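To start, the structure under review is shown below, and the notes come after it.
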Amino acid sequence: MVTSHNKNGISKALFKSVNIAPLIIFRIIFGALLLYGSIRFVAKGWVNSLYIEPDHYFGYLGFEWIKPLSGEWMYLPFVLMIVAALFILVGFKYRVAAITYFLAFTYVELLDKSNYLNHYYFVSLMSFLMIWVPANRQFSIDAYLRPSIRWKRSPAWTINILKFQLAVVYVFAGIAKLNSDWLFEALPLKIWLQAHHNVPLFGSLLEAEWVAYFFSWFGCIYDLFIVFFLLSKRTRPIAYVAVIVFHFVTWLLFPIGVFPWVMIFSTLIFFSANFHEKILHILRSFFSSFSARPPFNPSVLRYSSFSRKMITFLIGTYVFIQIVVPFRYVLYPGNLFWNEEGFRFSWRVMLMHKEGYATFYVEDRSTGRMSEIQNLDYLTETQEDQMATQPDMILQFADIIHDKYKGKTVTYQGQSFTFEDPAVRAEIYVSLNGRPSQLFVSKEHDLTALKYDLRHRNWIEPFKD
Amino acid sequence: MNWSKLIWITALLGVALSSCKKDDDDTEDFDKAALLSNLSGNIIVPSLNQFESDLNVLSTAVADLSQNSSAQDLETARDAWKNAYLTWQTVKIFDFGPIRDNAFKSATGTYPVDTTDINGNIASGSYTLGTAANADAIGLPSLDYLFYRAGALDSIQSNPNCSAYITDVVNKMVNETNVVVNGWSTYQATFNTSTGTSSTSGFSLFINEFNRDYELAKNAKVGIPLGKQSLDIQMPEFIEARYSGISFDLLRESMVALQKVYNGNSFSTGAAGVGCDDYLLHLERSSLNNTIDGNFSQIISTVDGFSTTFENAMQEDVQACNDLYLQLQQQVVNIKTDMTSAFGVLITYQDNDGD
C-alpha cells in the first residue's frame, strides 16, 4: 500500500531540487574509469583472445542472434567505447556518447557468457542509467558550447538512481554471502587465502583459519551495511576509509582487475554536494575558460504532472526489476551454487570456487559407437573452464558438437560412419568449494534431446554435501 | 603478485596486525617455495642433465653407426635411444619456461611420425629439420622408425643419406637440449620464487602442465590408438614407438615419472622431497592424497601386468586395454579437479578480470 505519506516521500526523493555537482563529478569519474577500462582491455590483447580467436560463442538465452563482427572488425566496438568514454569524460555530445558506450559495451558483453562478470553487468547498467541523467549540464564541452543548457540544480532522482544502483550491488553481494559455506566454513576464502602463504611476513597469517573467517564475516557485514554508513553524514568519513581498505585488499589478493577502483571512485557519489562543489571548484581553477558562469537555467524543476508520473513509473519499474532479479533463484529447487539456476545478474561476487572435468562423447545412433570429444578442438581454455561447471553452457556446447557432426562421414581403417543425427553425451565431475568432486552430469542423458530454456534442469545430478 | 602489491600488503597488514600473535596450527608445515626448489633442484634440472648425457651417448653411438654400420652398432644406438626416450618421460612434464619457449616438447616427442616425410627427406638428401613441414619427421619418434623399421640396418648400410639423416636428427636434439639446459640455469632462480597465485606464476604453470601432460599421456599413449576418439575403431598407426614396440615401457615410465613428481621424489635417487602430496596433507586432504598416489601405483601395476606389446594387447585382450584406459581416465578428475581446486590454482591459462 502506498500511503500518501510514502507518496510524498517518493516524490521528494525523486523530484526535490538538489545540487547537481555530485552528478557532474560522477560523470567525470565514470568517464575516466570507462576510458581506462576500455583501453586496458584492448592493451591486454583480450579483444583478440576473447572475441576474435574463438570458433564458437556462448550467447545468452534469447540473445543468441548477437554475433561477433568478423575478424579485426571486433576492434570497432572497442574503438567506439574508447571514443565514447572520452566524450563522456569531457562532456561532449554527452547523450550520444552515453548511448554509444552503453550499446557497444553491452553488445560485447552479450556475445559470450564465458566472459560474464558481475562488474561488467554493473558497467552495462550504469552506462544505461547515465544515458538518462543530465550529467553534462556543468563543466562540460556541451555546456561550454551551449551555455543555455547549464543547470545548477537537478531533480534528486538523477543522483539517487545511481546511489540506488551502487546500493544494490553491495547489499545483494552481502545477502549472497549469507550461506553456510561462506559464514561457517569460510569457503572459498579459506582456499584462496592459503594460496598466498608465501607472501613475506604475512603468509602464515593468510593461511590461518581465523583470518579466513575474519575476512568472510567482515566482507559479508561490509557488503550488507556499508551503503547505510555512507548515506549517513556522521559515519561517512570512516565508512569511506573502510571502502578504500576493503577494495584495496581485494585488489591485492585477487585477480579482479579494475573493479576495486570502480567501486572506490564510484562511491564518492555518496558524499555531500558541498564536497563535490569543492572538487568542481578545484577543477575549474585548472580550466579557467570553463569558469565563465552565465545564469544557470532554472527550468529544471518544472516537470509536468504527466512527466512526473512517467518518470516515477519508469524508475519504479527499474527498481523493481533490480530487486526481484537477484531473488529469481527461489523459483528453482536444489542447490543454487551447484545448479546455477538464477545465478548470474545477482551480484554473487567472488562467492564460490568451482572446478570441473567434462568429457563429451558424440554417438553414432545407428551403431551405438561413441567417440570422445577433445573440448579444446572447439573451445578456448577459458570457455572450457567456464563451460565444465555451468549447465546452460554444457547444453550449448553439446549443440555445437551436434552441429559439427550432423551429416558428417568419418572413415577409420576403411570403415565409414555417417552421423545422421548424432547423440551427444557427457560425463562431468565438479568440485564445489574444494569438496571432493561429484558426478555433475551423467553419460546417460542425450544432451541434444534437452532444451535450453529457463525451466529447472532435472538432468543435473543432485548435490550431496 | 608483483612487488608493488607486496609492499602494499606488507604495509597494510603490518599496521593491522602488529599486535596480533601468530597462532600455531596443528597441521604439518608446507611451503610452496620449498616445493618449487625441490622440483627444480632435484627433478627438473637433474632430468634435463640426464637427458643431455643420454643424448650424448646416443650421439656417439650414432657416429659409430654411420661409420661402421654393424648390427652391434645398431643395437648400441637402439639402447642409447631407449634410455633417452625413458628419461624424456620426466622431462616432457615441464612444458613451461625454457622448454615451452623453445618448443622443446613438440620438437622432441611428437608422434606418430610421418614416414613419407622421413623417406622423402632421406631420398632427396636436402631438408631443413626445423621447419613446420618436418614437424612429424624428427625427434625421438623418428628414430623409432629409422632404427626399427623392417630392413633398418640395410638402409643404414646402403644409403649414406639415411645415416646422415639419423645424425642430423640427433644433432638437432643435442643442440636444443643444450639451449634448454642453459635456459634452466638462469630460469631456475626465477622459478623457485614464483609462488604467487596468478596463472603465470611458476607454481600455477607447473600444476597446469602436470595435468596437461597426464591427459596427453592418457590420450596419446593409450586412448587414441585404442579408438577412444574414433568410434572404438582401433588406430594402431597412432601407437607411440610402434616399430620398437616399447610403448608400454614408455607409458609405465611416464606414470612413474608423474608419480615421482607428484610426491616430489628425487629424480636420481628417489629420495622423498616436498611435493604435491605434502601440500595436500598440509591442507588436511590425506584421503585425496591416498587416492592419487594409490591410483598411480595401480596404473603402473596394471601396465606391468601386460606381457606383450601394446599393439598385440589391443588385438588379443582389448578388455584389459579398456580397463587400463578407464583407470587412466579416473585419475584425471583427482588431479585436475580435486587437487587443483584444493590448491586454489586457476586452471584458466588466461589472465582475466575475475569476479
TODO: Consider a paramagnetic label point 7 Å from the Cα of residue A:40 along Cα→Cβ; state which residues of the stretch A:58-92 have an amide N under 18 Å from it.
DONE: A:78-79, A:81-86, A:89
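May I ask which of B:82/B:172; A:12/A:163; B:32/B:218; B:92/B:260; B:105/B:221; A:190/B:32 have a Cα-Cα span longer than 22 Å here? Each step should come with its number before you reach the end.
Numbers: B:82/B:172 17 Å; A:12/A:163 16 Å; B:32/B:218 27 Å; B:92/B:260 14 Å; B:105/B:221 15 Å; A:190/B:32 16 Å.
Correct reply: B:32/B:218.
So how do B:311, A:444, A:384 line up by other beta-carbon neighbours within 10 Å, fewest first? Please report the intermediate quantities before stating the final value.
Details: B:311 17, A:444 8, A:384 20.
Ascending number of Cβ neighbours within 10 Å: A:444, B:311, A:384.
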TODO: Of the options A:260, A:378, A:191, report the single residue whose Cα projects farthest towards the positive end of the charge dipole of chain A (beta-carbon charges: Lys, Arg +1; Asp, Glu -1).
DONE: A:260
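In debye to the nearest 20, how big a dipole does the stretch A:319-378 give about its Cα centre with +1 on each Lys and Arg Cβ and -1 on each Asp and Glu Cβ? Don't skip to the answer; put the middle values down first.
On the way: 6 positive and 7 negative charges, 65 e Å.
Computed about the Cα centre, the dipole is about 320 debye.
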TODO: Sum -39500 (n - 2.57) across every DSSP H segment of at least 4 residues in chain A, then divide by the residue count to get the 222 nm mean residue ellipticity, nearest 500.
DONE: -16000 deg cm²/dmol
Open item on the list: Between residue A:442 and residue A:217, what's the calculated FRET efficiency when r is the beta-carbon distance and R0 is 35 Å? Round to 0.05.
Closed with: 0.40
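FRET efficiency for residue A:148 and residue A:75, Cβ-Cβ distance as r, R0 = 35 Å, nearest 0.05?
On the way: r = 38 Å, r/R0 = 1.08.
My answer for the efficiency is 0.40.
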- [ ] Mind sorting A:357, A:405, A:332 by how few other Cβ atoms lie within 10 Å of their own Cβ, fewest first?
- [x] A:332, A:405, A:357
Open item on the list: Can you find, among A:56, A:314, A:35, the residue sitting farthest towards the positive end of the charge dipole of the protein assembly as shown, where Lys and Arg contribute +1 and Asp and Glu -1 at Cβ?
Closed with: A:314
Task: Projected label distance in nm at residue A:416 and residue A:399, using a 7 Å step from Cα toward the beta-carbon - done: 3.1
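Can you pull the mean other chain C-beta count within 10 Å for peptide B:220-233?
On the way: counts 0, 0, 0, 1, 2, 0, 0, 5, 5, 9, 9, 13, 6, 9.
Across B:220-233, the average partner-chain Cβ count within 10 Å equals 4.
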Task: Shielding by other protein chains, A:366-378, mean Cβ within 10 Å - done: 3
Open item on the list: Cut-off 10 angstrom, C-alpha nodes, Gaussian network model of chain B. Which of B:223, B:264, B:344 fluctuates the most?
Closed with: B:344
Open item on the list: Could you compute the net charge surrounding residue B:136? Neighbours are other residues with a C-beta less than 10 Å from the C-beta of residue B:136; K and R count +1, D and E count -1.
Closed with: -2
Task: Cα-projected label distance for residue A:66 with residue A:16, points at 7 Å along beta-carbon direction, nm - done: 3.7
Task: Alpha-carbon centroids, the stretch B:160-210 and the stretch B:65-120: separation in whole Å - done: 15
Task: For chain B, calculated [θ]222 nm from helices alone, where every DSSP H run of n ≥ 4 adds -39500 (n - 2.57) - done: -20000 deg cm²/dmol
Task: Distance between the stretch A:360-396 and the stretch A:158-221 - C-alpha centres, whole angstrom - done: 34
- [ ] For the stretch A:18-71 and the stretch B:244-278, write down the distance between their C-alpha centroids in whole Å.
- [x] 46
Open item on the list: At a 10 Å Cβ-Cβ cut-off, how would you order A:36, A:222, fewest neighbours first?
Closed with: A:36, A:222
Task: Per-pair calculated FRET efficiency, R0 = 56 Å: residue B:158 and residue B:49 via Cβ, rounded to 0.05 - done: 0.90
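Over the whole of A:186-193, what's the average partner chain Cβ count within 10 Å per residue? Rounded to a whole number, please. Before the final figure, lay out each step's value.
Values: counts 0, 0, 2, 1, 2, 6, 2, 2.
Per-residue shielding by partner chains comes out at 2.
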Task: Selected from A:460, A:345, B:256, residue furthest toward positive end of dipole (the protein assembly as shown; charges at beta carbon) - done: A:345
Open item on the list: Under a crude label model (7 Å from the Cα following the beta-carbon direction), how far is residue B:301 from residue A:232 in nanometres?
Closed with: 6.7
Task: the stretch A:1-110: C-alpha gyration tensor shape, a/c 1.5 cut-off, then a/b vs b/c - done: oblate
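Of the listed peptides A:113-125, B:182-194, what is their order by residue-averaged count of other C-beta atoms within 10 Å, with the highest listed first?
A:113-125, B:182-194
Might you report the magnitude of the Cβ-based charge dipole of chain B about its Cα centre, with Lys and Arg at +1 and Asp and Glu at -1, to the nearest 20 debye? Present the calculation step by step, with values, prior to reporting the outcome.
On the way: 20 positive and 43 negative charges, 104 e Å.
Approximately 500 debye in magnitude.
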Task: Between helix B:3-17 and chain B: long-axis angle, C-alpha atoms, 0 to 90°, nearest 10 - done: 30
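Read the figures in this text as sums done on the coordinates, not as results from a lab. Given the structure is predicted, the values throughout are model-derived calculations rather than measurements. Note: ideal-geometry Cβ built from the backbone for every residue, glycine included; neighbour counts use all protein chains shown.
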